1. Please find, within region 159-184, the residue that is farthest from Val222 (Cα to Cα) out of those that are among the hydroxyl-bearing types (Ser, Thr, Tyr) and either touching a Phe, Trp or Tyr at 6+ places or on another chain (Cβ under 6 Å) or free of Cβ contacts under 8 Å to residues at least 60 places away in the same chain (or both).
2. Filtering region 2-30 down to residues that are hydrophobic (A, V, I, L, M, F, W, C) and not in a helix (DSSP H, G or I), which residue is nearest to the ligand (Cβ to nearest atom)?
3. Can you tell which of Asp37, Asp76, Asp101 is at pLDDT 95 or above and either closer than 22 Å to Val223 by Cβ or among the hydrophobic types (A, V, I, L, M, F, W, C) (or both)?
4. Only one of Ala128, Ala136 is part of a strand (DSSP E or B), farther than 14 Å from Val239 by Cα, more than 13 Å from the ligand (Cβ to nearest atom) and among the aliphatic types (A, V, I, L, M); which?
5. Just for region 179-211: of the residues that are within 12 Å of the ligand (Cβ to nearest atom), in a loop (DSSP other than H, G, I, E, B) and not small (Gly, Ala, Ser), which one is surrounded by the fewest Cβ atoms within 10 Å (Cβ to Cβ)?
6. Could you give me the residue pairs with C-beta distances under 8 Å whose first residue belongs to region 77-88 and is more than 14 Å from Asp53 (Cα to Cα), whose second residue is away from the ligand (no atom under 13 Å from the Cβ) and charged (D, E, K, R) wherever it lies, and which are 6+ apart or on separate chains?
Amino acid sequence: MLSGKVALVTGGGNGIGRAVCRLLARDGARVVATDMDGSAAQGTINMLKGPDDHLALKMDVTDKASVESAISSAIDKYKAPPCLITNAAGIIRDSFMLQMDEKAFMEVLDVNLKGTYLVTQAATMALAEHDVSSGAIVNISSISGKLGTMGQSNYSASKAGVIAFTKSAAMELASMGVRVNCVLPGFTQTSMVADVPDKVVKLILKMTPLRRMAEPEEIAEVVAFLLSDKSSFMTGASVEVTGGLGM
Ligand code: NAI
């Protein structure tokens, strides 16, 4: 389904990003797993069949030079830029809005929203410079970007920004043959939710018609679909993968 394609995944060292790397490799893509934690990215690549076909890179999505350097390393290895990009990195710094300090607000915007812009811009410029006339980008937003979440005004605002950014980019890049979509996961079993208190978990599951969390692979399957030609007429879409939460 993705054979011959090179896919760059951010936040590929853990959780949803790692599951995306595994599924894209399963579907035939050569995977560039990037993460701020370079050894976690390498851990992902070591799990893949034929790890030498793939590449692990340390990359901080908030740092333009780091993003550009990772893309250029991918070009060096594959002699072409990655044409499938998933922006999966994300962080949380929760507190109620009245107590939230500026640092916690801006750190979350930096990774989740500015990171999405930097990676999308650098990857698309590399495609243009190499005359590649097709590509697909999937940004990971969150159902919080649609509904808002108590104690997460920073995170929810960043994820709402990702939805709007996706639509603007989809309009601008369509003429280049680049599709841009985003996925809004619901509650998903990763380290990001490991510290959520039990009573909050119970409350969220009560509001989720399927009454469980997603496995990271269930999000990754939708990402793989959006990166493949099976979704060739989809761009600017926000696909909810939430077990029914927030429908
Ligand atoms: P995770 O915490 O398991 O993995 C996130 C990865 O991103 C880590 O490997 C971390 O090292 C990396 N990372 C953090 N900051 C980075 C940076 N500046 N540059 C590069 N890499 C960085 O998180 P998870 O749950 O897999 O989340 C992935 C995406 O899914 C995030 O965008 C998150 O907001 C979104 N999401 C997750 C949900 C969940 O319930 N787990 C629900 C909705 C959305």
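The values are calculated or read from the model by the stated rules, or taken from the named source; none is laboratory data. Because the structure is a prediction, the values reported are computed rather than measured. Glycine also receives a Cβ, built like all others from the backbone with ideal geometry; neighbour counts cover every protein chain displayed.
1. Step one: filter region 159-184 for residues among the hydroxyl-bearing types (Ser, Thr, Tyr), giving 166, 168, 175.
Subset that is either touching a Phe, Trp or Tyr at 6+ places or on another chain (Cβ under 6 Å) or free of Cβ contacts under 8 Å to residues at least 60 places away in the same chain (or both): 168, 175.
On the way: Ser168: 21, Ser175: 24 Å.
If we take residues in region 159-184 being among the hydroxyl-bearing types (Ser, Thr, Tyr) and either touching a Phe, Trp or Tyr at 6+ places or on another chain (Cβ under 6 Å) or free of Cβ contacts under 8 Å to residues at least 60 places away in the same chain (or both), then Ser175 is farthest from Val222 (Cα to Cα).
2. Initial filter on region 2-30 (hydrophobic (A, V, I, L, M, F, W, C)): 2, 6-9, 16, 19-21, 23-25, 29.
Filter again for not in a helix (DSSP H, G or I), leaving 2, 6-9, 29.
Working: Leu2: 20, Val6: 19, Ala7: 16, Leu8: 12, Val9: 10, Ala29: 19 Å.
Result: Val9.
3. Numbers: Asp76 fails: either closer than 22 Å to Val223 by Cβ or among the hydrophobic types (A, V, I, L, M, F, W, C) (or both); Asp101 fails: either closer than 22 Å to Val223 by Cβ or among the hydrophobic types (A, V, I, L, M, F, W, C) (or both).
Just a single option satisfies the conditions, and that option is Asp37.
4. Working: Ala128 fails: part of a strand (DSSP E or B).
Criteria check complete, one pass: Ala136.
5. Asp195
6. Pro81/Glu129; Cys83/Lys5; Leu84/Lys5
Per-residue answers, yes or no, for (1) at pLDDT 95 or above; (2) within 13 Å of the ligand (Cβ to nearest atom); (3) closer than 20 Å to Met59 by Cβ:
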{"residue": "Leu118", "(1), (2), (3)": "yes, yes, yes"}
{"residue": "Ala123", "(1), (2), (3)": "yes, no, yes"}
{"residue": "Leu147", "(1), (2), (3)": "yes, yes, no"}
{"residue": "Val162", "(1), (2), (3)": "yes, yes, yes"}
{"residue": "Gly177", "(1), (2), (3)": "yes, no, no"}
